[in-house]
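For reference, the structure discussed in these notes is given below.
The values are calculated or read from the model by the stated rules, or taken from the named source; none is laboratory data. The shown structure was predicted, so the numbers you read here are calculated from the model rather than taken from an experiment. Ideal geometry is used to build each Cβ from the backbone, glycine not excepted, and the neighbour counts take in all protein chains shown. Accessible surface is based on the protein model in full, side chains and every heavy atom, while ligands, DNA and RNA are left aside. Shrake-Rupley method; radii C 1.70, N 1.55, O 1.52, S 1.80 Å.
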Amino acid sequence: MRGQYSLTKKNLDLILERIEEISKNADIKAINDTVLEVKNKFSNNIFYLVVLGQFKRGKSTFINYILGADILPTGVVPLTSVITKVQYSTSIWAKVIHNDGMEKDIDIDELDLYCTERNNPKNIKGVKEIHIGYPFDFVAKDVVIVDTPGIGSVYKHNTDIAYNYIDKADAVIFLFSVDPPISEVEKEFLSEISKSVDKIFFVLNKIDYVTEKELKEIVTYNRNIIREITGNSDIFLYPISAKLALEGKLLKDEGSLKKSGVQMLENDLRNFLLGEKEKVLLERYTKNIKRIISMCKTFFESNIRLKLIPLEQLEANIKAFEKYIEEVERAKKEISLLLRSDMKKILQNFDEKSEEYKKLLSVRVSEKVNNYYYTIRNLGRVDQKRELEKYFERVVIEEFEKLKEYIEKEAEEQYSKALSNYLSRLNTLIENIKAVVDRLFGLNIEYFKHETGITSESKFTYRIGYEVGALEIDPVYFTYLLPKKLAGKLILNRVLKRIEIDIDRNLGRIRYDLLRRIEKSSNEFEKDMNFKLQVIYDVLKELIDKALKDYKLDKESFEKEKSHYQMLLGEISELEERLSQIGEK
């Protein structure tokens, strides 16, 4: 079995090497870059087991369970902000890889300084990846476990990173949780994953949060949704508690491990990695080579087809396309205007509910302040003032924290719903452009689509997040020449009078932040839309300019150039045939 794997791998290597020579000969940068990426990935036979899912599904806790150690940071807010790779090592180490290529060795206890949203917000430290070495014995030593940022949180860059890593995964562990069951964001993400990755382990986490009856309903509901998305009726969903599994491993508590329900998943993972890993690696390697061959064929065929169009006809078609682009630009402006109109409705919804928010907060804060006052009424005036002020500030912030979570979730849902419509219109527009390009020039520009696409859950950048000192709590001035009882009442009343003012002021700050982030989100959508369309324009322009330039050559040179691309296309087709023969063995 191992000998067959080595032979097949060697044959695939030879095909990729020849493709690399051809792409360098044709000077195609996009293909050269892709070849280099694939070579680096498969030269060391590294298997990427990638853990994906929505934010706060317990991915980092799950990986800590696999490692048998509490290494990756976990918490109650979205934490992971960069890709973190864990590989087998006899010693424990950690390394930060920066976007500029610089590497830095760090202590394992310093991970949260680089991989968490709390200490590295929006990845301001420019971290590309974090690599960790650890002597875990859960899986084979050439398996790299990849922790990814959660999708669907308010941190857009986290979603982008997770989406961009789909194509690098050899197998995926996709985590859901029972709180709540599968979301719209997860449905879209899973749809993209299932197009690229053949082996997906579906894991339902946090089963310790629900009753056995509730769990059965959630499992059935999620499994049916997954079947619908993937088109696969043979779906198994592993119900587990990563928290209990980790506790069981750390404390060597067999009871917790058994309650966690993780044993079946662990056994199936081990069996898969021992028995099917090499097969999956070869399949992924073959799939990547096929993708590169498709890129080469598209490029060469496009050049040849343009050279077959008579010059007069080519120039006429170029004018027709330029006229069509004017229609595209009008449609693009319409999409932008309608999207911005829907974005304003999110703000209007906040305005309509602001009075409701204000009343709710006022009642909650007043009740808590009143109750707290009676626990400190026997203190001296100075102590009463200090303690009541501190408590008042803390309560206002606590209540705003609860409110902002609700506002944030509601705004995200409204944004995602609105954006889905415009994504559909944009995708239709792009499909129409492709059809026109095919009709006028005989070109297939499928390969030239922007790789990561635009997803509704990835574009929402709104975030309400105030640290303790950021809320504006006006000072209360007290009079100390009154009797203690009367002074205490005055202290309490003046604090209570400030409640509505401070709540109103900070609701205004939230509104401003919401407005700013909606504007930013709309701008980013338009930027992505323009980029996606510009990619098509630029590639088409490059091909047409090359064709027009070739027409200026003398007839002999023109035919020589055309023959050169026909020869390259022939070689690529031969390599495609060799690849299909390898697949049949």
Filter the range 218-248 for residues that are polar (S, T, N, Q) and out of contact with any Ser or Thr (no Cβ under 6 Å at 6 or more places or on another chain); the one that is farthest from Asp198 (Cα to Cα) is Thr220
Of Arg284, Arg227, Arg223, the only residue that is within 30 Å of Thr8 (Cα to Cα) and assigned to a helix (DSSP H, G or I) is Arg284
Please indicate, with yes or no, whether at least one residue in the range 231-244 is part of a helix (DSSP H, G or I), on the phi < 0 side of the Ramachandran plot and surrounded by fewer than 18 Cβ atoms within 10 Å (Cβ to Cβ). no
Counting only residues in the range 49-66 that are open to solvent by less than 10 Å² (accessible area, probe 1.4 Å) and part of a helix (DSSP H, G or I), the one nearest to Lys409 (Cα to Cα) is identified as Phe62
Being at pLDDT below 80, among the basic types (Lys, Arg), surrounded by fewer than 17 Cβ atoms within 10 Å (Cβ to Cβ) and over 30 Å from Lys307 (Cα atoms) narrows Lys404, Lys417 down to just Lys417
With criteria (1) closer than 26 Å to Leu67 by Cα; (2) modelled with pLDDT of 90 or more, Arg227 comes up short on (1)
- Task: Consider Leu265 carefully, then state whether it is open to solvent by 40 Å² or more (accessible area, probe 1.4 Å) and either over 18 Å from Glu212 (Cβ atoms) or at pLDDT 90 or above (or both).
- Result: no
Inside the range 223-277, the number of residues satisfying the requirement of being aliphatic (A, V, I, L, M), over 27 Å from Ser191 (Cα atoms) and free of Cβ contacts under 8 Å to residues at least 40 places away in the same chain is 3
Inset, instruction - Could you tell me whether Glu37 is under 29 Å from Lys297 (Cβ atoms), acidic (Asp, Glu) and open to solvent by less than 60 Å² (accessible area, probe 1.4 Å)? - result: no
Restricting the range 529-585 to residues that are over 30 Å from Ala331 (Cβ atoms), of a type in the set (Lys, Arg) and free of Cβ contacts under 8 Å to residues at least 12 places away in the same chain, the one least open to solvent (accessible area, probe 1.4 Å) turns out to be Lys549
Of the residues in the range 297-318, those that are open to solvent by 80 Å² or more (accessible area, probe 1.4 Å) and under 19 Å from Asp538 (Cβ atoms) come to Arg305
The strands (runs of 3 or more DSSP E) lying entirely within the range 90-147 that contain at least 1 residues which are closer than 26 Å to Glu266 by Cα are 93-98, 127-134, 143-147
A careful count of residues in the range 1-25 that are part of a helix (DSSP H, G or I), over 32 Å from the mean Cα position of the chain (by Cα) and farther than 15 Å from Ser294 by Cα gives 14
